[in-house]
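So the structure is just underneath, and the comments pick up after that.
Since every read-out is calculated from the coordinates, none of them should be taken as a lab result. Predicted model, so just to flag it, every value in this text is computed and none were measured.
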Amino acid sequence: MANRLYVAYKSDSPAQLVHDAKYLVRYFCEECGFKPLPWMERKFTDLLSRGYSLSDVESMIESTSMAPRPSWAYLAAIIRNNEQMVSDYLRRFPPASPSEDENHQQDQE
């Protein structure tokens, strides 16, 4: 019999995003020693909704906690650098639809 406190969520449901974002807030508190700012909480939800896995965001938080003086600015820089690396990686591949292929070719020139 399943635990009564266990709630099963669909993988991409809004309830799962909220649950995971709350978990990341607690994880941030434990790792960094202070409560994240409200924009961080919104950013966690945004990253999860855009396809980042829970372990990806956890690794960003762990990198922040290993800084000599963990801060919101350090987390913001890690997120910004990670998003830049992902977009640079995806930009190397041509788009799937032919309508976007012209834009891709113009960007490459």
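Here are the numbers for this structure:
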item: Rounded, prolate or oblate (a/c below 1.5 giving rounded, otherwise prolate when a/b exceeds b/c) for the range 14-90 by Cα gyration tensor; result: oblate
item: Extension gain from residue 62 to residue 49, taking 0.36 nm per residue of separation minus the Cα-Cα distance; result: 2.7 nm
